[in-house]
Every structure is written in C-alpha cells, then in structure tokens.
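Engineer: Could you have a look at this structure, given as structure tokens, before my questions?
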Amino acid sequence: MKYIEYKEQRKHGTFNFPIAFYHEQPRSPRYHMTYHWHTEYEIIRILSGSFHLTINNETNVYHAGDIIFITDGVLHGGTPVDCVYDCIVFDLQILMKDNHACAKIIQDITDHKILIHNLLSAHDDGICELVRGLCEALSSRSTGYEFKVQGYLYQLIGTILEKHLYEQNRDDAVANERLNSIKNVLAYISENYYNNIKLEHLAKIAGMNEKYFCRYFRSMTERTPIDYLNYYRIECACEMLSTKDISIKEVALSCGFNDESYFIKTFHKYKGITPKQFMTSEF
C-alpha cells in the first residue's frame with residue numbers, strides 16, 4: 001500500500017538509534033511495496049512465501065530463507081506472494097561513531113565505492129543466523145538490545161567483507177541517467193496521482209519517446225506506465241479507506257477516478273475484493 005512513498009519520508013528509529021524493524025504479513029498495512037528509495041540501507045529477510053522484487057533494473061523472485069541487502073538511494077519495490085518477511089532499515093553512519101578502526105570501510109560503502117551484493121543468503125548460512133539474531137534483538141527490545149543490534153551489524157559487515165560478497169563500483173553513467181529518469185516519473189506520479197495524467201507527459205518527464213519509455217518503464221517495474229499509475233492510485237485508495245471516515249465516492253474522486261463504478265472495477269482488479277469489502281475486512 002502507499003504507506004511507503006516514492007522517496008520515503010518515514011523516520012526510521014530515533015536520532016540516536018536510527019535503526020527500525022518491521023515484521024510484515026499479508027494483512028499488514030505496509031505489506032505491498034510500491035517503488036521507492038530512501039537514504040537508509042535495508043535488509044529484507046524472507047520467512048515464507050515469495051517476493052517478486054525489483055532492485056534498480058533487475059527483477060528476481062526471492063524465497064523463504066533469502067536475505068536481501070539494499071543500498072541507500074537504490075530504487076526498489078515489488079509484490080510479495082503469500083509472503084511473511086522482516087525489514088530492517090538503518091543508517092549505516094551509526095557504525096562510524098567513535099570507531100576509527102572501521103570508519104574507512106564504512107565510508108567506502110556509504111560513498112558507493114564498495115557495492116554489497118543484493119542477495120547474501122545464497123553464499124553463507126552464517127549470514128542467515130546473524131540476521132535472525134538481529135531481527136530477534138530488534139523485535140524483543142530487551143534491556144541492552146541496542147548493543148546487540150550494533151554488534152550484529154558489525155558482524156554482518158565483517159562477514160560480507162570476509163566472504164567478498166561485494167564488488168568495486170564501476171559507474172555506468174548511461175544506466176544511472178535512465179534510472180534517474182524513472183525516479184522522476186515515479187516522483188511525479190506520487191505527487192500528482194489524483195490529477196489527469198497522460199502517457200505523453202510521463203514520457204516527456206523521462207526524456208524519452210513514448211514507445212521506448214513504455215518498454216523501459218515496464219522492464220523496470222513489470223507494469224506499463226498507466227497500469228502502474230492505476231495500481232498506485234488503488235494503493236492510495238486503500239490508505240484512505242483504512243485511515244479516514246470517507247465514502248467510496250469521495251475516495252474515488254480523491255484518487256483520480258471520475259467514475260465510481262470504474263474505480264470499483266479497478267479496485268477489484270488489483271485487490272480481488274471491492275472497496276466495501278476492503279472497508280469491512282479485519283486487519
């Protein structure tokens with residue numbers, strides 16, 4: 001759902017402890033992951049089911065037991081399928097505070113000179129145990145958990161370096177420019193989804209002709225631009241229906257649908273139920 005914005009504004013953790021933990025399952029409000037990016041790093045731990053996840057321009061299906069590492073500033077999103085998963089979102093700078101021994105490597109990671117592999121669990125079972133301990137410490141929040149959490153993060157980075165689960169950055173200026181163009185389009189949709197948006201205008205924002213834009217956008221998101229726009233509108237509608245005392249007609253108009261019956265039909269297409277059924281279902 002649209003609880004995660006395109007550029008995520010949500011605060012993760014606190015100023016002194018910028019690490020947050022989220023346990024997601026099919027009825028969780030944050031279960032579906034619209035395409036977005038943030039300035040923090042993220043670890044996703046798949047507990048059951050599967051997750052069709054796109055990270056920048058590469059889409060993979062991840063399964064139970066997989067550990068995914070996502071770097072700051074990276075565009076990512078996708079669709080969980082009967083999936084239960086944990087997310088840890090953290091500011092890597094916390095590991096640099098008063099730690100001169102590790103500061104150089106951490107700085108190289110944050111400067112993107114070192115790019116950590118997205119899939120970690122396929123290489124080392126020890127990583128699964130480290131992330132499991134990290135999740136347990138964050139979910140329990142028992143006395144002293146802050147020390148354990150930072151210890152697990154140091155061990156995780158150390159294991160990644162030891163097993164060479166990273167590569168040196170070889171910057172691709174053309175690919176980066178294309179990714180930024182898609183980020184601009186997603187930002188525009190996030191800010192204007194309730195307006196009448198034309199394919200022609202989205203292609204212009206991306207700096208591409210319509211045919212190439214549609215092909216590239218679909219390769220990135222597995223949706224056409226208009227399909228993604230309607231999908232995003234329905235996610236916004238779910239948020240409104242979940243958090244506001246508002247009629248279905250008002251939600252439809254607020255999300256860019258001028259026809260209530262078309263809104264209901266589109267809602268059912270993406271959610272498998274009607275807006276009314278969604279409102280009366282239990283989370």
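Engineer: With a probe of 1.4 Å, find how much accessible area region 145-223 has per residue, and write the answer as a whole number in Å².
Structural biologist: Values: 4790 Å² over 79 residues.
Ligands and nucleic acids excluded, the result is 61 Å² per residue.
Engineer: Related question: Using every pair of alpha-carbon atoms in region 69-220, split the distances into 10 Å bins beginning at 0 and state the percent of pairs per bin, rounded to integers.
Structural biologist: Histogram of Cα-Cα distances, whole percents per bin: 9, 29, 29, 22, 11, 1.
Engineer: Whole-Hz Karplus ³J(HN,Hα) for region 211-221, in order, using 6.51 cos²θ - 1.76 cosθ + 1.60 and θ = phi - 60°, x for Gly and Pro?
Structural biologist: 3J(HN,Hα) across region 211-221, in whole Hz: 5, 5, 4, 4, 5, 5, 4, 5, 5, 7, 10.
Engineer: So, counting K/R as plus one and D/E as minus one, what does the shell of residues with Cβ under 15 Å around T110 add up to? Mind showing how you got there, number by number?
Structural biologist: Working: positive: K97, K104, K113; negative: E40, E42, D72, D91, D108, D111.
Taking every other residue near T110 into account, the sum is -3.
Engineer: Next up: Report the extension gain between Y194 and D111 in nm, rounded to one decimal, defined as 0.36 nm multiplied by the number of residues separating them, less their alpha carbon distance. Before the final figure, lay out each step's value.
Structural biologist: Values: separation 83, 0.36 × 83 = 29.88 nm, distance 3.68 nm.
Extra length available between Y194 and D111 comes to 26.2 nm.
Engineer: About its Cα centre, what dipole magnitude does the chain give when the only charges are +1 on Lys and Arg Cβ and -1 on Asp and Glu Cβ, stated in debye to the nearest 20? Kindly include the intermediate steps, with their values, before the conclusion.
Structural biologist: Values: 30 positive and 36 negative charges, 150 e Å.
Dipole size: approximately 720 debye.
Engineer: So how far apart, in nm, are the two label points at Y262 and K148 if each is 7 Å from Cα heading toward Cβ?
Structural biologist: Result for the modelled spin labels: 5.4 nm.
Engineer: Using a probe radius of 1.4 Å on heavy atoms only, what accessible surface per residue do you get for region 226-283? Whole Å² is fine. Mind dumping the intermediate values first?
Structural biologist: Values: 3130 Å² over 58 residues.
With the other protein chains kept in place, region 226-283 gives 54 Å² per residue.
Engineer: Something else: Skipping prolines and chain starts, which residues have an amide H placed within reach, meaning under 5 Å, of the one on H117, given they are 5 or more residues away or on another chain?
Structural biologist: Hits under the 5 Å cutoff: Y166, E167.
Engineer: Averaged across orientations, what area in nm² does the convex hull of the alpha carbons in region 46-135 project? List each step's numbers first, then the result.
Structural biologist: Details: hull surface 25.4 nm².
About 6.3 nm², averaged over all directions.
Engineer: For a label point 7 angstrom out from the Cα of E250 toward its Cβ, which stretches of region 261-281 have the backbone nitrogen within less than 17 Å?
Structural biologist: From region 261-281, the list is 275-276, 279-280.
Engineer: Shifting gears a bit: For Y262, what accessible area in Å² do you get when you roll a 1.4 Å probe over the heavy atoms of the protein chains, rounding to the nearest 10?
Structural biologist: 110 Å²
Engineer: Then there is this: Among the trypsin sites (Lys or Arg not before Pro) in region 38-140, which ones are in a DSSP loop with at most 14 other Cβ atoms within 10 Å of the Cβ? Mind listing them? Present the calculation step by step, with values, prior to reporting the outcome.
Structural biologist: Working: sites: R45, K97, K104, K113, R132; in loops: K97, K113.
Here the sparse-neighbourhood loop sites are K97, K113.
Engineer: Once neighbouring chains are kept in place and the probe is 1.4 Å, which whole percent of the accessible area of the chain is contributed by carbon and sulfur? Spell out each step's value before the answer.
Structural biologist: Details: 6940 of 14250 Å².
That fraction is 49 percent.
Engineer: Can you compute the modelled spin-label distance between H23 and I226, with each label point 7 Å from Cα toward Cβ, in nm?
Structural biologist: Using points 7 Å along Cα→Cβ, the separation is 4.3 nm.
Engineer: Starting from the eigenvalues of the Cα gyration tensor, five times each then square-rooted, give me the equivalent ellipsoid semi-axes of region 43-90, largest first, whole Å.
Structural biologist: After scaling each eigenvalue by five and taking roots: 17, 13, 8 Å.
Engineer: At 1.4 Å probe size, with no ligands or nucleic acids counted, give the accessible surface of D125 in Å², nearest ten.
Structural biologist: Accessible surface of D125 is approximately 120 Å².
Engineer: List the pairs from K198/K269; K211/K269; K204/K276; K97/K244; K113/K271; K211/K265 whose alpha-carbon separation is above 32 Å, in the order I gave them.
Structural biologist: Numbers: K198/K269 21 Å; K211/K269 25 Å; K204/K276 37 Å; K97/K244 42 Å; K113/K271 41 Å; K211/K265 27 Å.
Check vs 32 Å cut-off fails for K204/K276; K97/K244; K113/K271.
Engineer: Further question on the same structure: Can you give the Rg to Rh ratio for region 183-283, taking only C-alpha atoms and Rh from Kirkwood? Provide the component values of the computation, followed by the final result.
Structural biologist: Values: Rg = 14.4 Å, Rh = 14.3 Å.
Rounded to two decimals, Rg over Rh is 1.01.
Engineer: Can I ask one more? Report, in whole Å, the centroid distance computed from the Cα atoms of region 48-98 and region 207-283.
Structural biologist: The two parts, judged by their Cα centres, are 24 Å apart.
Engineer: Okay, next question. Above 27 Å lies some portion of the pair distances; for the chain, what is it as a whole percent of all C-alpha pairs? Before the final figure, lay out each step's value.
Structural biologist: Numbers: 17739 of 39903 pairs.
The proportion of pairs with Cα distances above 27 Å equals 44 percent.
Engineer: If ligands, DNA and RNA are left out, what is the accessible area of K271 with a 1.4 Å probe, given in Å² to the nearest 10?
Structural biologist: Spelled out: K271, probe radius 1.4 Å, area about 50 Å².
Engineer: While we're here: Quick check: net charge around F257, other residues with Cβ under 13 Å of its Cβ, Lys/Arg +1 and Asp/Glu -1?
Structural biologist: Result for the neighbourhood of F257: +1.
The values are calculated or read from the model by the stated rules, or taken from the named source; none is laboratory data. Since the structure is predicted, the reported quantities are computational estimates derived from the model, not experimental observations. Don't worry about glycine lacking a Cβ; one is built from the backbone with ideal geometry, like all the others, and counts go over all protein chains shown. Quick note on the areas: whole protein, heavy atoms, side chains included, nothing else; ligands and nucleic acids left out. Shrake-Rupley method; radii C 1.70, N 1.55, O 1.52, S 1.80 Å.
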